[in-house]
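Undergrad: Structure incoming, see below.
The values are calculated or read from the model by the stated rules, or taken from the named source; none is laboratory data. Note that the coordinates shown come from a computational prediction; the quantities given were computed from them, not determined experimentally. Cβ atoms come from the backbone with ideal geometry, glycine included; neighbour counts cover every protein chain shown.
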Amino acid sequence: MRTAYQYKLRPTKQQAEEIDRWLSMLCAQYNYLLASRFDWYEQNRCPLNACPLVCHIPELRENPDYYSQKKTLPNLKKTHPHYGDIHSQVLQDVVKRVKVTFDRFLSGDSNGKRSGRPRFKSRDRYRTFTYPQMKDDCIKGSVICLPKLGDIKLILHRPIPDGFKVKTASVTKKADGYYVTLSLEDPTVPSVKPDINPDSMTGIDLGLKEFLTTSTGETVEIPQHYRKSQKRLRVIQKRVSRRKKGSKRRQKAVRQLGKQHKKVADKRKDFHFKTAKQLLSKYDVVAHEDLNVKGLSKSRLAKSVHDAGWSSFLSILSNKAENAGLLVVAVNPKNTSQDCSSCGVKVPKKLHERWHSCQCGCSLGRDHNAAINIKNRAVGHSVLKAQRLRAQ
Ligand SMILES: [Zn+2]
C-alpha cells in the first residue's frame, strides 16, 4: 500500500539558498534536455501525407531518449562542475521528467489522453525536485537528512505510520516556504483483507437526480446545503461580471467568489467522505462504472458533462476501501442502463425515460436497474473468484 505525507521544512537561510540554487540549475538542465528532444523531433519527423517525392534527408542523428540523455550527465558535470553539487539521483530524475512529459506529448498517458506540447519552464515555475530513493532512517526526531543538502529541520505534525517505509522524497518551494512530500509504502498490508466477504457486495449507479442508487434500490441524495451553496456561488459570479473591471467593488466581489468556491468544494468533499464511509461500513465490495472508458455512448456522454464531482468521489471511495482492506471495482459502463438486469435483453430508452420495464416482467427504476447490472458485472472479478474458491 502506498500513500504520501507532506511536511513543512524549516531550512536555515543557507539551506534555503542551496535549494534555490539547485532548482535554478535543474530548471536550466530540464529546458536544455527538452530542447534537444524538440530539435530531433523537428528534424526527423515526416508526416506521410506531406512528404515530397524528392526530399532532403537530414543527417541522421541518434534520437535522444532516456538512456542517451542520462549518459550526457557525467559530461555535464565535467563542463559545468557546479552541477556536481547536486545529488546525482536528483539530477537523473530531471531526465526522467523530460521523458515522461515528452512521451505524454507524443503518445498520451495510460488513458490515451495526449497532453499539449511541453513548455519550457521559467525559473519560478520550476519548483520541485525529487530524490527517487530514500534511506529508510532519513527522519530522526524532527530532522530529515536529504543527501548533499544535509540535515534539515521539519515540522512533523503527524508521525509516519507504523510499518511504512519512506520510498521517495520531493522538495517543493511554495509561496509560503519549503515543503517535503514523502511517498510511503507498507508492503505488508495486503490491498484486500483475506476475510473479505464476496457476497457483501453492491453496485452503484451515479446519477444527476440522485447522487447515487445502489443495486438494492437505496438512493443517496445530494444534500440541500450543497445545492444552496452552489446557488449562492452563481449569484456571486453574476455580481462579479456586473461590476466594472478594475473597480474596488469588483475586487471585493472576486474575493467573495474565491471564498464561496472554497466553501462549495469543502461541502462537496465532506459529503463525498460521508457517503463513502456509509457505503463501506455496509458492504465489503462496491462496484461502479469505470469513468475512464473511451467511447462512451451518447447518453453517458451527456451525463459525464456533470461528472465534476463523480471522479473525486470515486477516488475517495477507492482510497478509503484500500485503507480498510476492502474492494472497489470499476466495470465497463457500456449499456448498463439499457440492458435488462433480469434477462439481459437490451431495452433501449432515452435519457428522460426514468423507468425500466422489460417483456420478462422486470420493472424497476432506471438507475436501480443500472446498479444491478453494475453489480453483476463485478461478480467475475479475480479477487472475488479466488475468495470464493478459498471458501469452498
Ligand atoms: Zn428482461
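Undergrad: Just to be sure I understand, how many residues within the range 163-185 are of a type in the set (A, V, I, L, M) and closer than 21 Å to Arg21 by Cα? Let's see the steps before the verdict.
TA: First pass over the range 163-185, keeping only residues of a type in the set (A, V, I, L, M): 166, 169, 171, 175, 180, 182, 184.
If we keep only those that are closer than 21 Å to Arg21 by Cα too, we end up with 169, 171, 175, 180.
Result for the range 163-185: 4.
Undergrad: Quick check, is Lys274 within 30 Å of Val383 (Cβ to Cβ), assigned by TED's automatic domain parsing to the domain that holds Ile372 and assigned to a helix (DSSP H, G or I)?
TA: Working: within 30 Å of Val383 (Cβ to Cβ): yes; assigned by TED's automatic domain parsing to the domain that holds Ile372: yes; assigned to a helix (DSSP H, G or I): yes.
Spelling it out, Lys274 is indeed within 30 Å of Val383 (Cβ to Cβ), assigned by TED's automatic domain parsing to the domain that holds Ile372 and assigned to a helix (DSSP H, G or I).
Undergrad: For Arg255, state whether it is farther than 24 Å from Leu326 by Cα and modelled with pLDDT of 90 or more.
TA: Taking the combined requirement at face value, the residue does not satisfy it.
Undergrad: List the residue pairs whose Cβ atoms are under 8 Å apart, where the first residue sits in the range 217-232 and is assigned by TED's automatic domain parsing to the domain that holds Lys375, the second is assigned to a strand (DSSP E or B) and of a type in the set (A, V, I, L, M, F, W, C), and the two are 6 or more positions apart or on different chains.
TA: Gly217/Leu364; Thr219/Leu212; Val220/Leu212
Undergrad: Just checking, does the range 337-355 include any residue being closer than 21 Å to Lys282 by Cβ and more than 16 Å from the ligand (Cβ to nearest atom)?
TA: Here is the first cut: in the range 337-355, the residues closer than 21 Å to Lys282 by Cβ are 341.
With more than 16 Å from the ligand (Cβ to nearest atom) added as a condition, the list becomes none.
Scanning the range 337-355, I find no residue that is closer than 21 Å to Lys282 by Cβ and more than 16 Å from the ligand (Cβ to nearest atom), so the answer is no.
Undergrad: Quick test of your reading of the structure: Pro333 fulfils all but one of (1) surrounded by 20 or more Cβ atoms within 10 Å (Cβ to Cβ); (2) at pLDDT 90 or above. Name the failing condition by number.
TA: Every condition holds for Pro333 apart from (2).
Undergrad: Sticking with this one: Determine if the range 297-309 includes at least one residue that is surrounded by 14 or more Cβ atoms within 10 Å (Cβ to Cβ), under 19 Å from Ala378 (Cα atoms) and at pLDDT 75 or above. Show your work before the answer.
TA: Filtering the range 297-309 for residues surrounded by 14 or more Cβ atoms within 10 Å (Cβ to Cβ) gives 297, 299-300, 303-304, 307, 309.
If we keep only those that are under 19 Å from Ala378 (Cα atoms) as well, we get none.
Checked against the condition, which is being surrounded by 14 or more Cβ atoms within 10 Å (Cβ to Cβ), under 19 Å from Ala378 (Cα atoms) and at pLDDT 75 or above, the range 297-309 yields no hits at all.
Undergrad: Give me the pairs, please: first residue somewhere in the range 15-44 and within 14 Å of Ser122 (Cβ to Cβ), second residue anywhere and assigned to a helix (DSSP H, G or I), beta-carbon distance under 7 Å, and either six or more positions apart or on two chains.
TA: Filtered contacts from the range 15-44: Ser24/Arg123; Leu26/Val94; Cys27/Arg123; Tyr30/Val94; Tyr30/Arg97; Tyr30/Val98; Leu34/Val98.
Undergrad: Which condition number does Ala175 fail, the rest of (1) out of contact with any strand residue (DSSP E or B) (no Cβ under 9 Å at 6 or more places or on another chain); (2) of a type in the set (A, V, I, L, M); (3) buried (at least 17 other Cβ atoms within 10 Å of the Cβ) being met?
TA: All conditions pass for Ala175, except number (3).
Undergrad: Considering the range 356-388 alone, what residues qualify as being farther than 18 Å from Asp290 by Cβ, modelled with pLDDT of 90 or more and more than 11 Å from the ligand (Cβ to nearest atom)?
TA: If the condition is that a residue be farther than 18 Å from Asp290 by Cβ, modelled with pLDDT of 90 or more and more than 11 Å from the ligand (Cβ to nearest atom), then Gly365, Arg366, His368 are the ones that fit.
Undergrad: Could you list, in sequence order, the residues of the range 213-270 that are under 30 Å from His288 (Cβ atoms) and among the aliphatic types (A, V, I, L, M)?
TA: Val220, Ile222, Leu233, Val264, Ala265
Undergrad: Ok, one more. Looking at the range 191-224, which of its residues are assigned to a loop (DSSP other than H, G, I, E, B) and in contact with a Lys or Arg (Cβ under 6 Å, 6 or more places away or on another chain)? Explain how you work it out, then say what you get.
TA: Within the range 191-224, the first condition is being assigned to a loop (DSSP other than H, G, I, E, B), and the residues that meet it are 191-200, 207-211, 215-218, 221-223.
Of everything in the range 191-224, those that are assigned to a loop (DSSP other than H, G, I, E, B) and in contact with a Lys or Arg (Cβ under 6 Å, 6 or more places away or on another chain) turn out to be Pro198, Ser215.
Undergrad: I would also like to ask the following. Are there any pairs with C-beta distances below 7 angstrom linking a residue in the range 326-354 that is more than 30 Å from Asp195 (Cα to Cα) and part of a loop (DSSP other than H, G, I, E, B) to a residue that is modelled with pLDDT of 90 or more and more than 14 Å from the ligand (Cβ to nearest atom), with the two at least 6 apart or on different chains, and if so which?
TA: Arg354/Gly365
Undergrad: Then there is this: Which numbered condition in (1) within 30 Å of Asp290 (Cβ to Cβ); (2) modelled with pLDDT of 90 or more; (3) exposed (fewer than 12 other Cβ atoms within 10 Å of the Cβ) is the only one that Asp195 fails?
TA: Exception for Asp195: condition (2).
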